[in-house]
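Nothing in this text is a laboratory measurement; each read-out follows from the coordinates by a stated rule. Model, not experiment: these values are computed from the prediction. Note that we place each Cβ from the backbone using ideal geometry, even for glycine, and neighbour counts take in every protein chain shown.
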Protein chains: 2
Amino acid sequence: MASNSSSHSPRTVEEIFKDFSARHAAVLRALTGDVEEFYSQCDPERDNLCLYGHPNESWEVSVPAEEVPPELPEPVLGINFARDGMERRDWLSLVAMHTDSWLLSVAFYFGARLNRNERTTKETIVIILKIIHNEGREDIAHEVLTTDQMNLEDIKDIPTEWRISKSRATL
Amino acid sequence: MASNSSSHSPRTVEEIFKDFSARHAAVLRALTGDVEEFYSQCDPERDNLCLYGHPNESWEVSVPAEEVPPELPEPVLGINFARDGMERRDWLSLVAMHTDSWLLSVAFYFGARLNRNERTTKETIVIILKIIHNEGREDIAHEVLTTDQMNLEDIKDIPTEWRISKSRATL
């Protein structure tokens, strides 16, 4: 069973962003550098499986949380069942799209605990944009689909100091 | 089985926002005006249940999609099992937090299909902020938790014409 527990529970915008970034790094590695290992773990003969990214930057392919409702939003269920019925690239893209969506749902689930002042400061908005645009990196789906760089030039509101250099984004 | 199908599949930022707004209106009604009906449908004796908001502004309490991986991100599973073990208000808040998070995950799942130009225009950013802040209305969790109005005065980037009047938000 996956350890997708909220016993680790970020309480500030900065902690939520740190949590998001660590989970993001984990699943990005699963879908790129560790893709052979990830692919082989998603055996269609096994039970319903999910891809988890954990706040310690590890990834895990596991059955979902036993307890329902779960403590945190759960990633998409049953990715392994789709693996052999699709082109590998299409399957990875599907998993990446669902995983992107899950990362956001976890971040905003934690964010629901922020009070209204914390939710509406300029800093929060900037971090929300960073989360959505993955700090000017490609998001996971785009990482899998294409090597194009996202163009954030139009988003003038993100201060330079918030941007993370491309070199740090290389995993 | 829930009809959480992507056969209805918004393709532009405006369509995604329309989809989000309709689902949002649906679940907000389930958790406020229709709360007695919603509460009674979440019988702990029934199977794993989810709260769905549909793009036609209807809500549904139903077992999850049979097919995995599902076409769209699924709402939290098993809300009915938690109902009788918590204070009613706390249970509704829990469902609201998970539902907020699910609405965002659906919107951003659709958004993953946008190309990089569509994702980074000023209009897209404004709509993202609208989605996250529910157009200056309280979000669902806050609606359930409190009658405080969210203060979006700090978000100068949202043009007045994008804001929806409070009166329209009253369901």
message: As a footprinting exposure proxy, order A:Thr12, A:Thr99 by other Cβ within 10 Å, with the fewest listed first.
response: A:Thr12, A:Thr99
Residue-by-residue Karplus 3J(HN,Hα) for the stretch A:11-23, coefficients 6.51, -1.76, 1.60, Hz, glycine and proline x: 10, 10, 4, 5, 5, 5, 5, 5, 4, 4, 4, 5, 5
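Can you sort A:Trp59, A:Trp102 so the residue with the fewest Cβ neighbours within 10 Å comes first? Before the final figure, lay out the partial values.
Numbers: A:Trp59 22, A:Trp102 27.
If I rank by nearby Cβ atoms, fewest first, I get A:Trp59, A:Trp102.
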message: Just to be sure I understand the curve: with the Debye formula and one point per C-alpha of the stretch A:1-81, what is log10 I(q)/I(0) at q = 0.12, 0.13 Å⁻¹?
response: -0.35, -0.41
query: Got a sec? How would A:His98, B:His54, A:His8, A:His24 order by Cβ neighbour count within 10 Å, fewest to most?
result: A:His8, B:His54, A:His24, A:His98
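Taking K and R as +1 and D and E as -1, what net charge do the other residues with C-beta under 13 Å from the C-beta of B:Asp84 add up to? All intermediate terms of the calculation are to be shown ahead of the outcome.
Numbers: positive: B:Arg46, B:Arg83, B:Arg88; negative: B:Asp43, B:Glu45, B:Glu87, B:Asp90.
Taking every other residue near B:Asp84 into account, the sum is -1.
Please work out the FRET efficiency for the pair A:Asp43 and A:Glu118, using the Cβ-Cβ distance as r and a Förster radius of 41 Å; give the result to the nearest 0.05. List each step's numbers first, then the result.
On the way: r = 43 Å, r/R0 = 1.05.
So the FRET efficiency works out to roughly 0.45.
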field: Separation in nanometres of the label points that stand 7 Å from Cα toward Cβ, at A:Lys18 and B:Asp90
entry: 2.8 nm
- prompt: What are the residues whose amide H is under 5 Å from the amide H of B:Leu49, where those residues sit 5 or more places off or on another chain and H is modelled from the backbone?
  reply: B:Gly78, B:Ile79, B:Asn80, B:Phe81
